Amino acid sequence: MTSNLAPAAAPSGEPHIRRLIVIWVVLSAIGVALVVFALGPHMPPWTFSDEARDQRNINIMLAALATPVLLAVWMALVYSIVAFRQRGVAIVDGTPIHGGGRLEVAWIVVTTLIVVSLAVAGTAALFGTTKGAGGGQGPDPLAVPHGSLPPLQVQVIGQQWAWTFRYPAFGGVETTQIAIPAGRVIALHVTSLDVNHSFWAIRLGVKADAIPGSDNVAFVRPRRPGSFRIRCAELCGLWHGHMFTTGLVLTPAAFSSWIRRQVVANAAATRTLPPYSTHYFPEPLRRAG
Amino acid sequence: MSDVAFEQHAPRPAAAPPWWRRLIGFNLLAASALGIGGWFLGHWVGTRITIGMDSQLGTDQNDIATFMGFLFAVSGWLIGLGFLNYPLGRMLGRPPSLREKEEEGPGRYFRLCTDHKVVGMQYFVTILLFFLIAGLNAMFIRAELLTPKEKLWNANQYLSLVGLHGTMMLMMMSAAILGPFANYFVPIMIGARRMAFPRLESLSFWLVPPAGLILLSAVALGGFPTGWTGYAPLANTARAGMDAYLFAFALIGLSMTIVGANMLATVLTMRAPGMTWTRLPIFVWGVICTSVLMVLAAPVLFATLSMVALDRTADTSFFLASAGGSPFLYTNLFWFFGHPEVYILALPGFGVVLEILPVFSRKPLWGYRLAVAGMLGVTLLSFMVWQHHLFVSGMNADLRPFYMLTTELISVPTGFIFLNGLGTLWRGRIRFTVPMLFAMAFFSNFLIGGLSGVFLSDVPSDVSTHGSYFVMAHFHYTIMGGLVFALFAATYYWLPKMTGLRFNETLAKIHFWGMFVFFNFTFAPLFVAGMLGMPRRVSVYSSSLQGINDFVSVSAFLLGLSMLVFLINLVYSTVFARVPAEANPWHSRGLEFQLPTPIPVRNFERTPVIESGPYEYGVPGAPPVAALGRPAVAGGGGSSP
Ligand code: HEM
Ligand SMILES: [Cu+2]
Ligand SMILES: [Cu+2]
C-alpha cells in the first residue's frame, strides 16, 4: 500500500535525527545560559537567608535541567508536525516501525539517572549547610545546625486568623510581631491553637505547617537586616487570605534592645499566659454558629 | 444463559398508550419526586431523633438531620429509578434477567438501562453539564481576582466558589473518560456484548447526578470553607455545607469503586477469542490501570469522609488533637487517596492519546510493551508517594528523602508515554484532524505539568512553592492540559461514532486553537505568581501581582469562551446540521469502527474472533483486526452471550 502511493522523497530517519540533534544542542546551550545567567540572579526566593539561597540554587538547577528536556520534546513534536505532515485527502500509511529496543533502553537509563541524581541533590541540600532547607521538620529533626551560638528559639503560634510569637529565652514573652537577629541560626517552633495553618515567609525561605498538638521546627539563618512578609499557606477558614503580617530581621544589637522593650511592655500579659510549652490545647473546637 | 438474557425483548403492544401514561413508571421523573420527598422525610426524621442531643445543640444547623436528608433522598432517587425491582423480584422468585430496558427510543436515556452504550451517553451529557457548572465557578473566581482586594464576593462566598469548583471538577473528571468512553467502547473494543455487571454499571452512573446536585446544595447550606481537600480539623468546625461536600464526595467514591471493579471484571473475563493481552487496545490498558487505582484508593476516600462525618455528628474525635485525635491522620488518609486520584485523572488521558496517535500517523503504536509497562509502573508507584503533599507538615521529616525519590522516579514511567508518543509520530503520515490536534497538545501541556512537578517533588524547592499558585498552575497543567485535552480528543474522535453525526470542522478548529492558546495564557503566568509568593485560595493578594492576575483573568474568560464554541458546535452539529458521519470516518483499525453506525444493541451478531493487533497500519499483509462475520468458536476467552 505504501510503495506505490509514497511520494519520491520518502522520509528516512538518519538525516532527520542528525539535523534535530544539532538544532537541539545549539538551542539548549542558549537556553541554559539564559536560565543561569539572565534568570538566575532574579530567581525566587532570592538570597535573604541561607535557606532561601539554597532553595534558589535548587530552582536554578532544576530550571536549567528542565530547559533541554522541554526543548527536546517540543522540537521533536514540531519537527514531526512539519516534516511528516500528510496533506490532501489521500490516506497513506507511514513506516511500520513497532519500536526500537536500543532507544527504549537508553531512554530508561538516561531518565532514571537524571531523576536519581536529582533526588540525591535534593537530599544533600536537606542535610547540607542549612539543615532542612527551611522546611518544617517536626519535633526532633535529624538535621540540626551546629554553630558557636545555639539556635535562638522562637515559637510561632497560628490561630484563626493571626500569628503570635513567643520567646522562651526571654521569659516566654508573647508578641504580635516577629523580629529576629541577623547572622544567627533561629529555630522556629511552629504550632497552632485551632486548625491547620502554614507559616510561610518567602524571602526568609521558611515554610512550616502549624498543626494543633504538634511542634514543627524549621531552622533559618537570615543574612542581613531587613523585613519579610509572612502569609498563611494552608487554608484555615474564612479569613485565611487576611492572615498576613510583616516580620523584621535586626542587627544583633537592635534585636537585644527590641526584645528588652517587648519584655517590659508585655510584662503584665506574660504573667497571665500559660507557661511555655511545645504545644497548647485551648478549649475544644466548636462548630461555627 | 442467552435464552434468559433477552426474554425482555417482547414485541411492543400495538396501540401506543397516551403520552402521559408513558411518563409513569420507574424513570427520572419518579426518581426526582422520590428524591425530593426523601430529603424532607429524612430531614424530619433526623430532626426528631436529635431532639435534646448535645452534639447538635449550640449550632444553627443539625448535621444529623442533614445527613439523614441526603441519605433518604439518594435512597428515594434509586428506588424511583427501579434499582430495587430486580433484587426484590428475585426474592419473590421471579426469573433472573441479565439486562433491562434495552430498547430503542429516547426513553431509555432517562431510566435505569443496562445497555452500556446508553450508560456511556448518559455519562457524557451529565459530566458535560457539571463540567460547565464548575467551569462557570472558575470564571466567578477569576472575576474576583481581577482586583487585589475583596470586591465581588465576600470571604465565605469566595472560599465556597473555590471549593465548589475544585470538588465538582475532581468529582466529575474522575469519571470523565471512563464514564462516557470506557463504558461505551471497552466492551466493544474487547469484542464483548456488555459489561460484566450491567446493573452495577447503571448504578455507578445514577449515583453521579445526586452527587453533583448534593454538592451544589452546599450553597444553600452555608457553603464550605475547606476547598476540595476538606482538611480536618477545619472541616469539624464548618457549617452544614460541609456535610454536602462529605456526602457528595463519598457518593462519588462509591461510584468510582463500582466503576473500577466492573471494568476490571469485564476486561479480565469477557475478552473475545484471540484478544490476547498484547492485542488489547492501549486505551483498554489505561482503563485497567485506572480501575486498579479506583478499586484500591476510592474506598479510602469513603472511609476518610465517613470519619469526618462521625466527628461532626457523633462527637467522635478522630481528627481533634485536643481530644486525642490527630490532624495528621486526616492528611495522610486523604492523600493516600489523593495522590492515586491524580493518576485516576491522568491515566485515561494517556490511554486516549496513545490510542489516537497511531490512527492519524498511520503507523503502529511505537513501543506497545513500553507503554503498558509505563502505565503499570505509574499505577504501582502512585501508592508510594503521597507524603510529598506533607513535606513541610512536620510529619515524618526523616522520610522526606524517600518520598522525594519515589516521586521523582514516577517521572520515569511517565516518560515512557512521551517516548511512545514521539516514536509514533516519527516518520508517520500525520493528518491534523481535530482529535489529533488535541492529542498532540496533550503532550506539550503534560510536559510542562510534569516538569513543574519535578520542582515540587524536590523538597528545598517545594518549601517555597508548596501551597502557592505554582502548585495551582502545576495541577491545572496536568489535569486540564492533560485530562481535559484528552477528553476533547476522545470526544471528537468517538462522538461521531456514538451519535452517527459529524462535528462542524471549522468550529472544532476554532475551539481547539482558542482552548490551546488561552489555556497556556491562563496558567503559565501563574507559575510566576506562585514563585513570587501568592498563596492558593486567597482573594487578597499583593498589589504588585495585579498585572499578572488581570492578564490571567482575561485569558481565563477567553478560555471559557472557547468552551462556549464547543457547546455551540455540539448543539449545532447534533440538533441543526445533522450531517451523517461514515461508519469509520477516520479509517481506523479499531474494532469499534468496524461496526455499523448506530451500533446495534447487541454490538456483534456473532462473537468476533480477533485476528491481529489494532495498530498494524502499513504492516504488509496484516489481516483486519477481527473476523466479524465468522461463526463464534467455542472456548477461548469467550464473551457469551
Ligand atoms: C476553565 C478553566 C479553569 C480555570 C480558569 C480554573 C481556575 C481556577 C482557579 C482560579 C482556582 C482557584 C485557585 C485558588 O484560589 O487556589 C482553581 C482551583 C482548582 N481547580 Fe481550576 N480552573 C479551570 C479548570 C479546572 C479543571 C478542568 C479542573 C479539574 C478537572 C480544575 C480543578 C481545580 C482544583 C482541584 C482546584 C483547587 C480547589 C481548591 O483549592 O480546593 N480546574 N481553578
Ligand atoms: Cu490560613
Ligand atoms: Cu501527590
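The values are calculated or read from the model by the stated rules, or taken from the named source; none is laboratory data. The model shown is predicted, which means the values in this text are computed figures rather than measured ones. Here the Cβ is made from the backbone with ideal geometry for all residues, glycine too, and neighbour counts use every protein chain on show.
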Would you mind stating whether residue B:350 is farther than 23 Å from residue A:209 by Cα, more than 10 Å from chain A (Cβ to nearest Cβ) and buried (at least 23 other Cβ atoms within 10 Å of the Cβ)? yes
Residue B:72 - would you say it is assigned to a helix (DSSP H, G or I), over 20 Å from the mean Cα position of the chain (by Cα) and not assigned by TED's automatic domain parsing to the domain that holds residue B:315? yes
Looking only at the stretch B:523-546, which residues are within 24 Å of residue B:157 (Cβ to Cβ), within 13 Å of chain A (Cβ to nearest Cβ) and not small (Gly, Ala, Ser)? B:534, B:535, B:536, B:537, B:538, B:540, B:541, B:545
Given (1) more than 10 Å from chain A (Cβ to nearest Cβ); (2) closer than 30 Å to residue A:137 by Cα; (3) assigned to a helix (DSSP H, G or I), index of the condition residue B:357 fails: (2)
Could you figure out which of (1) buried (at least 24 other Cβ atoms within 10 Å of the Cβ); (2) closer than 30 Å to residue A:209 by Cβ isn't true of residue B:228? (1)
Whichever residue in the stretch A:225-249 is buried (at least 24 other Cβ atoms within 10 Å of the Cβ) and not small (Gly, Ala, Ser) and, among such residues, is farthest from ligand 3 (Cβ to nearest atom): A:249
Top-ranked residue in the stretch B:398-410 [being buried (at least 22 other Cβ atoms within 10 Å of the Cβ) and out of contact with any Asp or Glu (no Cβ under 7 Å at 6 or more places or on another chain); ranked as farthest from residue B:489 (Cα to Cα)]: B:400
When both residues are 6+ apart or on different chains and their Cβ atoms are under 6 Å apart, which pairs have a first residue that lies in the stretch B:387-403 and is within 14 Å of ligand 3 (Cβ to nearest atom), and a second that is of a type in the set (D, E, K, R)? B:391/B:400; B:391/B:462; B:393/A:209
Expected single match for away from chain A (no Cβ under 14 Å), surrounded by fewer than 21 Cβ atoms within 10 Å (Cβ to Cβ) and at pLDDT 90 or above among B:633, B:571, B:601 is B:571
Of all residues being within 16 Å of ligand 2 (Cβ to nearest atom) and of a type in the set (A, V, I, L, M) in the stretch B:488-543, which is nearest to the chain's Cα centre (by Cα)? Just the residue, please. B:538
Please enumerate the residues belonging to the stretch B:369-397 that are away from chain A (no Cβ under 11 Å), surrounded by fewer than 22 Cβ atoms within 10 Å (Cβ to Cβ) and not in a helix (DSSP H, G or I). B:383, B:384
Residue in the stretch A:85-93 that is within 9 Å of another protein chain (Cβ to nearest Cβ) and not in a loop (DSSP other than H, G, I, E, B) present: yes
Considering only the stretch B:433-452, state which residues are out of contact with any Phe, Trp or Tyr (no Cβ under 8 Å at 6 or more places or on another chain) and surrounded by fewer than 23 Cβ atoms within 10 Å (Cβ to Cβ). B:451
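Residue-wise test of (1) surrounded by 24 or more Cβ atoms within 10 Å (Cβ to Cβ); (2) within 14 Å of chain A (Cβ to nearest Cβ); (3) over 30 Å from residue B:328 (Cβ atoms); (4) modelled with pLDDT under 95.
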| position | (1), (2), (3), (4) |
| --- | --- |
| B:177 | yes, no, yes, no |
| B:187 | yes, no, yes, no |
| B:194 | no, no, yes, yes |
| B:216 | no, no, yes, no |
| B:221 | no, yes, no, yes |
| B:234 | yes, yes, no, yes |
| B:239 | no, yes, no, yes |
Residues to consider are A:210, A:268, A:253; find the one that is of a type in the set (Gly, Ala, Ser), away from ligand 3 (no atom under 16 Å from the Cβ) and touching a residue at least 12 places away in the same chain (Cβ under 8 Å). A:210
Lone unmet requirement of (1) within 26 Å of residue B:471 (Cβ to Cβ); (2) touching a Phe, Trp or Tyr at 6+ places or on another chain (Cβ under 6 Å) for residue A:181: (1)
I want to confirm something. Restricting to the stretch B:318-341 and keeping residues that are more than 18 Å from residue B:396 (Cα to Cα) and surrounded by fewer than 19 Cβ atoms within 10 Å (Cβ to Cβ), which single residue is farthest from the other protein chains (Cβ to nearest Cβ)? B:324
Taking helices (runs of 4 or more DSSP H) that fall entirely within the stretch B:427-522, which contain at least 3 residues that are more than 10 Å from chain A (Cβ to nearest Cβ)? B:434-457, B:469-478, B:485-499
Determine whether residue B:312 is among the charged types (D, E, K, R) and either surrounded by fewer than 24 Cβ atoms within 10 Å (Cβ to Cβ) or not in a helix (DSSP H, G or I) (or both). no
Residues satisfying the stated conditions in the stretch A:225-238, i.e. touching a residue at least 60 places away in the same chain (Cβ under 8 Å), under 25 Å from residue A:145 (Cβ atoms) and within 13 Å of ligand 2 (Cβ to nearest atom): A:230
Being among the hydroxyl-bearing types (Ser, Thr, Tyr), modelled with pLDDT of 95 or more and in a helix (DSSP H, G or I) narrows it down to one of B:109, B:123, so name that one. B:123
Assess whether residue A:54 counts as being assigned to a helix (DSSP H, G or I), touching a residue at least 60 places away in the same chain (Cβ under 8 Å) and at the interface with another protein chain (Cβ under 7 Å from one of its Cβ atoms). yes
Pairs, first within 15 Å of residue B:216 (Cβ to Cβ) and outside the structural domain of residue B:560 (by TED's automatic domain parsing) in the stretch B:121-141, second of a type outside the set (Gly, Ala, Ser) and in a helix (DSSP H, G or I), C-beta under 6 Å, six or more apart: none
Is it the case that residue A:94 is crowded, with 20+ Cβ neighbours inside 10 Å and farther than 22 Å from residue B:465 by Cα? yes
Report the residue count in the stretch B:189-246 for those that are of a type in the set (Gly, Ala, Ser) and touching a Lys or Arg at 6+ places or on another chain (Cβ under 6 Å). 2
Selection status of residue A:222, surrounded by 18 or more Cβ atoms within 10 Å (Cβ to Cβ) and more than 16 Å from ligand 2 (Cβ to nearest atom): yes
Take the residues in the stretch A:276-287 that are within 14 Å of chain B (Cβ to nearest Cβ) and surrounded by 17 or more Cβ atoms within 10 Å (Cβ to Cβ), then tell me which one is nearest to residue A:198 (Cα to Cα). A:279
